[in-house]
Amino acid sequence: MLKENTVITLHPEDMVQLHAILLDEDRDAALDFLANVIKKKVDAASKPHCRPVFELERGKTPEFIANRLGYKETEK
């Protein structure tokens, strides 16, 4: 499933490569950059990530986290 927005980070060497491609108007290098740099970063950013504890639903909190946070189970 696609996210509404995806943020990627370009390292300084990626930025230098991007500027060189734009200055040279090199279409082949641009395609290689998209395939080898941007695509990998987008794929990595699109993978599911761990959620912070505060985003977990109370009823679905794993036991070891609930114990650490001091949640008490209500008896039925």
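Given the condition at pLDDT 85 or above and touching a Phe, Trp or Tyr at 6+ places or on another chain (Cβ under 7 Å), answer yes or no: does some residue in segment 19-29 qualify? Yes, that holds for at least one residue. Please enumerate the residues belonging to segment 7-20 that are open to solvent by less than 90 Å² (accessible area, probe 1.4 Å), out of contact with any Lys or Arg (no Cβ under 9 Å at 6 or more places or on another chain) and in contact (Cβ under 8 Å) with a residue 12 or more places away in the chain. Once the filter is applied, which keeps residues that are open to solvent by less than 90 Å² (accessible area, probe 1.4 Å), out of contact with any Lys or Arg (no Cβ under 9 Å at 6 or more places or on another chain) and in contact (Cβ under 8 Å) with a residue 12 or more places away in the chain, segment 7-20 yields 17, 18. The set of residues in segment 21-48 being basic (Lys, Arg) and open to solvent by less than 100 Å² (accessible area, probe 1.4 Å) consists of 41 alone.
The values are calculated or read from the model by the stated rules, or taken from the named source; none is laboratory data. All values derive from a computational prediction rather than experimental measurement. Neighbour counts run over all protein chains shown; Cβ positions are idealised from the backbone, glycine included. For accessibility, only protein heavy atoms count, side chains too; no ligands or nucleic acids. Shrake-Rupley method; radii C 1.70, N 1.55, O 1.52, S 1.80 Å.
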